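For reference, the structure discussed in these notes is given below.
Derivation of every value follows stated rules applied to the coordinates shown; laboratory data play no part. Keep in mind the model is a prediction, meaning the values are calculated, not measured. For neighbour counting, all protein chains shown are included, and Cβ atoms are generated from backbone atoms with ideal geometry for every residue, glycine included.
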Amino acid sequence: MAPTDRFQLPLRWQFVPVERPADRSVCWKWSAYAQSGRLAMESERVFETLTECMEDAKAAGYGRD
Amino acid sequence: MAGTESLVDPLIFHLVVQQVKDYALFVLDPAGRIMTWNLGAQRIKGYAPEEIVGRHFSTFYTPDAVARGWPAEELRLATREGRFEDEGWRVRKDGSRFWANVVITALRDDDGKLLGFSKITRDLTERKLHEEALRQAEERFRLLVDGVLDYAIFMLDPDGVVTSWNAGAQRIKGYAPEEVIGKHLSCFYPDEDVEAGKPWEALATARREGRAEAEGWRLKKGGERFWARVVVTPLHDASGHLRGFAKVTQDLSDRRHLQSLQDAAREVNEFIATLAHELRNPLAPIRTAVEVMAKVPGSDPAQQAMRETIDRQSAQLARIVDDMLDIARVTRGVLSLEQAPADLAVAVRHAVETSAPAIESGRHRLDVELSPGPLVVHGDMHRLTQILVNLLNNAARYTPQAGRIAVRARREDGWAAIEVSDNGRGIEPLMLERIFHMFVQGRAALDKIGAGLGVGLALARRIAEAHGGTLQAQSEGENKGARFTLRLPLLKAAAQPEDAAVQVADGAVVAKRILVVDDNIDAAVTLALLLKSLGHETCVVHDGLQALRMAAQFRPDVVLLDIGMPGLDGYEVARRLRALKRERPLRIVAVTGWGQEADRARSREAGFDVHLVKPVDPTVLTSAIANNNGATLH
């Protein structure tokens, strides 16, 4: 559930590559930080591609005003 | 003849001489003392007879002339020659000077004995002043002409022989005055022009028409040719006689060279535009085929890798083709912008999505920071996104693997500022401005493949400036990262962004009946395959008449219509489709290689809802098909 307090709204979205130790392949996760700098949300799983990761972030509010 | 005798009466003659006012007439004794004095002498020199008779005539000379014995010399010469004439300064009674013409005649008796001298003096001061003024004017004009370096200005006599030569003539033609004065003007013409009689023809034309003007090759001293513009003007004296010609020659070699460079640049530009258009057509089916292949499940890994290679390389090729078209537009000054309220936050998100493959390929961490609320500017969403895509792709390209890229959008006193920064290769200080020039690769790419044409930043800045904004680069130096800042004036609060003309469809695709019309069979078939893979029902035809027939039978919801086709072109097909009575609305989408503003305007007039330029991005195509709200995009 996304926060509704404007100060707590995610302001900075971070898309981070994560290397799998097993095969050194890369997957992606996202994090969202509020204006206060506090971590507001993060992805619940990792994604094969950055595009998929962004699509998941969209569902959480990335890209909405 | 009593009357005649009376005229030569000495008394009458004396009276005549005495009464003359325009000339000073008087007699000197052999030593130079004044013996008589008429009215003219009194008027011109200011002395009454009683003041001057008996004095030596040197009274009228300047101290300088007296000091060098000039009065005595005049009498000596007059005595020897019988007559002496001179012009020079003389002095009046009041000390003022006048310019005098003087004639001294020796008077002798029948035996030749010297009795004295008659002296006639005219006051020529006015004439002298006029001549001096004329001389000074001529001197100024001569200095002016002599000082001109950009034009060869010289005089010819009536036969065409050089009589004067200025510094410009020396600079342009290489001859010193002493080398060329006295030569005929034909020495400046190439042999073929001399044989054709052009030098004489120029003089004849100038004489006949008052002026002769021509452009052509001329020769320098060493025989080197230069391209010249020449004007010949005849010079006549007061009585209308031809005294010669003035010739002015301008060296147009640089201008001609510049013109030829501009012509060459225009031809290259036209070639680039044509080449880009020609490349678009084969690219379209390749891109579509790759999309179709991607949707085929279970292909073996080798095939998948090859498909991905084709995908990457053809996408890069498409970008180069787009760059080529933009180069052609920018150099012709016809980069068209669609002006409408546009939210830069949306542009940032679109750009980030478009650049995702490059960022992903570099395994870069990406930070996207958007200020709350829209950042609305007046501009072209597509072009603004293009700027940001360029900056993001550059950041990905010039940042070593696993780097950091950040996009930050914020408000700044009525401006929107978007920063794209990275921790990559950085930019040398000397290159910070040069990277915005055409064809400059500002940073050594980590991977030369896909480095592009070096026009992206130049285009990006032009687009920013066309929106009233700026695009600046900052870097602390090599390997210290780079930051690009795009600033655009924010729109006043009243204006809001229009609904996007084409919305990317979310969720399930609604199946449509789609008629694909393209004379390029590969393009049509691959496009239809792509549409089928998306769940649509398709029908393919390859010319305009078939399209009209099939529209009646197939009853499509959407027609994807190429414009450049033999027979009926896409414009005419669209007009005829619009004229048909239909039970359901029909969406007509242009899918064409031509994307100029004039092409879009023409398709709009013909009844197209959407104008897409090949190769079409499948996402854009999907949204163009899905849009049912009547919105149009050209």
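Legend: distances between Cα atoms for B:K183/B:K221; B:K45/B:K113; B:K45/B:K119; pairs beyond 23 Å are B:K45/B:K113.
Rounded to the nearest 20 debye, the dipole size of chain B about its Cα centre is 1180 debye, using +1 on the Cβ of Lys and Arg and -1 on the Cβ of Asp and Glu. The HN-Hα couplings worked out from phi for segment B:48-61 by the Karplus form 6.51 cos²θ - 1.76 cosθ + 1.60 (θ = phi - 60°) are 7, x, 5, 7, 10, 4, x, 8, 7, 5, 5, 3, 7, 9 Hz, whole numbers, x standing for Gly and Pro. Straight-line reach from A:K29: taking Cα to Cα under 14 Å and skipping same-chain neighbours fewer than 8 places apart, the aspartates and glutamates in range are A:E19, A:E42, A:E44, A:E48, A:E52, A:E55, A:D56, B:E360, B:D367. Run down the aspartates and glutamates and flag those whose C-alpha is under 18 Å from the C-alpha of B:K128, throwing out any fewer than 8 positions away in its chain. Once the sequence-local aspartates and glutamates are set aside, what remains near B:K128 is B:D22, B:E85, B:D86, B:E87, B:E138, B:E139.
Shielding of peptide B:362-373 by partners, expressed as the average count of other chain Cβ atoms within 10 Å per residue Cβ, is 6. Fewest-first ordering of B:D123, B:D562, B:D110 by other beta carbons within 10 Å of each residue's beta carbon gives B:D110, B:D123, B:D562. Given +1 at the Cβ of Lys and Arg, -1 at the Cβ of Asp and Glu and no other charges, the dipole of segment B:1-143 around its Cα centre is 460 debye to the nearest 20. Using Cβ point charges alone (K and R +1, D and E -1), the dipole size of the protein assembly as shown about the Cα centre works out to roughly 1120 debye.
Select from B:H536, B:T592, B:Q553 the residue farthest towards the positive end of the dipole of segment B:520-634; place +1 on Cβ of Lys and Arg, -1 on Cβ of Asp and Glu, and compute about the Cα centre. Farthest along the dipole direction, towards plus: B:Q553. Here A:C27, B:C187 are placed in order of increasing Cβ neighbour count within 10 Å, fewest first, which gives B:C187, A:C27.
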